[in-house]
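What follows is one structure encoded as structure tokens, with my remarks underneath.
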Amino acid sequence: MSTAMNFSSKSFTPRPPDKGAFPLDHLGECSAFKERFMECLRQSGYESAACRPSAMAYLECRMDRRVPQLMANEPLEKLGFKDLINEKSEEKPKKS
């Protein structure tokens, strides 16, 4: 009796990564945003809540750079930034 498996019958189909996993930014397109976020963390004693605006800007950069597909486009509300989006819209002066 043979126990050898034939792997050639199945083909591998790549799929995009799950949320929270995305390709490295090899071209450094969002490195300025990353550095601002890291500096904020250092200044705040690594208190991530204080750096949420920087984190949101970094993720927006990742989503905007579609050519290397750094990150799939996702509503910021689903990524936990709903309160910051509401603050942004309230800060804008209302046109009369």
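The values are calculated or read from the model by the stated rules, or taken from the named source; none is laboratory data. Fair warning: this is a prediction, and the values are worked out from it, not measured in the lab. Just the protein is used for accessible areas: all its heavy atoms, side chains included, with ligands, DNA and RNA removed. Shrake-Rupley method; radii C 1.70, N 1.55, O 1.52, S 1.80 Å.
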Q) Which whole-number value in Å² is the accessible area per residue of region 30-87, probe 1.4 Å? A) 62 Å²
Q | Potential lengthening between residue 79 and residue 49 on full extension [0.36 nm per residue; Cα-Cα distance subtracted] | A | 9.4 nm
**Q.** Cα-based shape type of region 30-87, given that a ≥ b ≥ c are square roots of the gyration tensor eigenvalues and the cut on a/c is 1.5
**A.** oblate
